[in-house]
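What follows draws every value from the coordinates through simple rules; no lab data is involved. Only a predicted model underlies this, so the values are computations on that prediction, with no experimental measurement involved. Cβ coordinates were reconstructed from backbone atoms using ideal geometry, including for glycine residues, and neighbour counts include every protein chain displayed.
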Amino acid sequence: MDITIHASFLPHDDPEASLAFYRDLLGFEVRNDVGYQGMRWITVGPAGQPDTSVVLQPPTAFPGITDDERRTITEMMAKGTYAALNLATKDLDQTFEQLQASGTEIVQEPTEQPYGLRDCAVRDPAGNLIRIQQSR
């Protein structure tokens, strides 16, 4: 089989704040921005990687979702335990400094991990955990 990752999904609860983070701060391209019934799906991706995207979606836009499920998702997002994304950069220290200077919520400063990677962790505006590792 020849399988690639086309898109992953992360929830957002504020499209403009998500755009400011992913487009303006991380430098991702906006590939699609679709509204439907008061909700908004925004597809972003790293420049130079047109076949890999992240779809920022309304967290409760699933058919048949119950009020209890909606409440659970909202609670998990508030705690930062609902979704995560791992990214990589050639200059972790510079990336971290830019994120910190922007007021991004810092979870962990750049650290040598016992499993052989150096990374940091932040939260996006929706509370999603974003780990960024030093690429080799």
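Taken over segment 14-30, residues that are under 22 Å from ARG70 (Cα atoms) and surrounded by 17 or more Cβ atoms within 10 Å (Cβ to Cβ) amount to 2. Just one of (1) out of contact with any Leu (no Cβ under 6 Å at 6 or more places or on another chain); (2) under 16 Å from HIS12 (Cα atoms) fails for LEU56. It is (1).
Can you find a residue in segment 71-86 that is acidic (Asp, Glu) and either in contact with a helix residue (DSSP H, G or I) (Cβ under 9 Å, 6 or more places away or on another chain) or over 23 Å from ALA17 (Cα atoms) (or both)? The answer is no, given that none of the residues of segment 71-86 is acidic (Asp, Glu) and either in contact with a helix residue (DSSP H, G or I) (Cβ under 9 Å, 6 or more places away or on another chain) or over 23 Å from ALA17 (Cα atoms) (or both). Against the test of being closer than 16 Å to LEU26 by Cβ and either surrounded by fewer than 16 Cβ atoms within 10 Å (Cβ to Cβ) or among the charged types (D, E, K, R) (or both), the options GLN133, GLN94, GLN113 yield a single qualifying residue, GLN94.
Check segment 31-39 and report whether any residue there is surrounded by 13 or more Cβ atoms within 10 Å (Cβ to Cβ), in contact (Cβ under 8 Å) with a residue 24 or more places away in the chain and closer than 17 Å to PRO125 by Cβ. Checked against the condition, which is being surrounded by 13 or more Cβ atoms within 10 Å (Cβ to Cβ), in contact (Cβ under 8 Å) with a residue 24 or more places away in the chain and closer than 17 Å to PRO125 by Cβ, segment 31-39 yields no hits at all. If the condition is being among the basic types (Lys, Arg) and within 13 Å of the chain's Cα centre (by Cα), then segment 15-49 contributes only ARG23. Among the residues making up segment 96-136, those that are closer than 25 Å to PRO59 by Cα, among the β-branched types (Val, Ile, Thr) and part of a strand (DSSP E or B) are ILE106, VAL107, VAL122, ILE130, ILE132.
Within segment 122-136, the set of residues being among the hydrophobic types (A, V, I, L, M, F, W, C), within 16 Å of GLU109 (Cα to Cα) and under 9 Å from the mean Cα position of the chain (by Cα) comprises LEU129, ILE130.
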